[in-house]
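A short worksheet on the structure shown next.
Throughout, read-outs are computed from the coordinates displayed, never taken from laboratory work. A quick note: this is a predicted structure, and the numbers were derived from the prediction, not measured. For neighbour counting, all protein chains shown are included, and Cβ atoms are generated from backbone atoms with ideal geometry for every residue, glycine included.
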Amino acid sequence: MEEALALPGNPSSVHAEGRAALHLIEHAREDVARLVGARPADVIFTSSGTEANMLALSPAIEIAVEKKPRDKLLISAIEHSSVRAGGRFAREAIADIAVDADGRVSLAALADALSRTSRPLVSIMLANNETGVVQPVAEAAALVHAANGLLHVDAVQAAGRIACDVTSLGADLLTLSAHKIGGPKGTGALIRANEAIHFADPLIRGGGQERGMRAGTENVAGIAAFAAAAAAAHRQLADEAAHMLALRTELEAGLRAITPQVVIFGAGAARLPNTTLFALEGVKAETAIIALDLEGIAVSSGAACSSGKVQPSHVLAAMGVSAPLARGALRVSLGWITTEADVERFLNAWRKVAGALSKCSKEQRGVAA
Ligand code: PLP
């Protein structure tokens, strides 16, 4: 990133300074492509995962041979808000696909929804950002393609944590975000499975950057750093996944030992190795987050928290979790720098916080009774 910031040229300029910036971007394209098994020419850099999702979700996505708009957008009930917003589809053209109690997309519900479309675009995330539950994307892709559909996969949370190969997933389009793999915030990418996929209606038009698919002078430093993170994630994937899974197993065993009534969401399904989402009946997430913050531990609520205001989680609601329990959902994410000592420190803090908060909640219920 520092190297890129020192380059004065605009990658669209033909002089040597411009060509140096362009070289950095094209090198970055190779690193990002390698992380997902794509061709560099099929990587389109964007300002974020959100923008990549917006670019992907358009009725005007075409495949070379058939140039007719997509008639429906089918999205799983647990997608990130940037997918749930529906991109450029009209509200009435969007339908939900249900998930099971573990938060896994129901393939039966998908097949049923597909039977009522003729040219659908389907969006299913590779792993959920609240529960970490990994979705049956390859199986879904087979159903989608048999129904003349295209599949977009939001792999923002999954990339760098589990294998994420465009071809084996059967994805036609795939979204990445740099800051989820250790890169800077404000950089993302949309990956096409092949050049036959065409954006008849790019989200941002203007100069011909990104082969006309995304106009605007590229964020050279952001892209260079995204690529460095992608290369590191690709190189260290197996080791980091094993490291995080060992720590997460220890963390969840500790949670269950300290608070046997704890509910760990999606525990029956395959999950990302770094994520755990849990709740303790009677303990509100906002209160626990503040108490843990005072102990120097940063966790998030499972609920979408866009403007600092905690809203009920649509993911837990779709899984059939009761509203009072969902209000207590806490998400702990581990990273490649998390150590066993960190897990121990978290468990000590949890013992203190859960003890104090459950006592307080029982007393309040006693008073109310
Ligand atoms: N998709 C998922 C699953 C996410 O978790 C996020 C961010 O948290 C996004 C998309 C949006 O990515 P960005 O923050 O780069 O806009």
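Relative contact order for the chain: what percent, with Cα pairs under 8 Å and sequence separation of 6 or more?
18 percent
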Base-10 log of normalised Debye intensity for segment 197-353 (one unit scatterer per alpha-carbon) at q = 0.15, 0.20 Å⁻¹: -0.90, -1.21
Phi angles of segment 35-46, converted by Karplus (6.51 cos²θ - 1.76 cosθ + 1.60, θ = phi - 60°) into ³J(HN,Hα) in whole Hz with x for Gly and Pro, give 4, 10, x, 9, 8, x, 5, 9, 9, 10, 6, 10
At Arg116 and Glu195, where each label point lies 7 Å from the Cα along Cα→Cβ, what is the point-to-point distance in nanometres? 4.0 nm
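How large is the convex hull of the Cα atoms of segment 108-153 per residue, expressed in Å³ as a whole number? Walk me through the intermediate numbers first.
Details: hull volume 3.1 nm³, N = 46.
Residue-normalised Cα hull volume stands at 68 Å³.
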From the gyration tensor of the Cα coordinates in the chain, what semi-axes in whole Å does the equivalent ellipsoid have, largest first, with each one equal to sqrt(5λ)? 37, 26, 17
Taking the convex hull of the alpha carbon atoms in segment 1-95, what volume per residue do you get, in Å³? 153 Å³
Gain in length, Glu2 to Ala142, computed as 0.36 nm per residue apart minus the alpha-carbon separation, to one decimal in nm? 46.1 nm
Measuring from centroid to centroid over Cα atoms, what is the spacing of segment 228-288 and segment 176-213 in Å? 30 Å
Packing-ranked peptide list from 50-60, 23-33, 228-238, highest mean Cβ count within 10 angstrom first, is 50-60, 23-33, 228-238
Can you list residues whose amide H is under 5 Å from Lys72's amide H, if they're 5+ apart or on another chain and H is modeled 1.01 Å from N? Arg119, Leu121
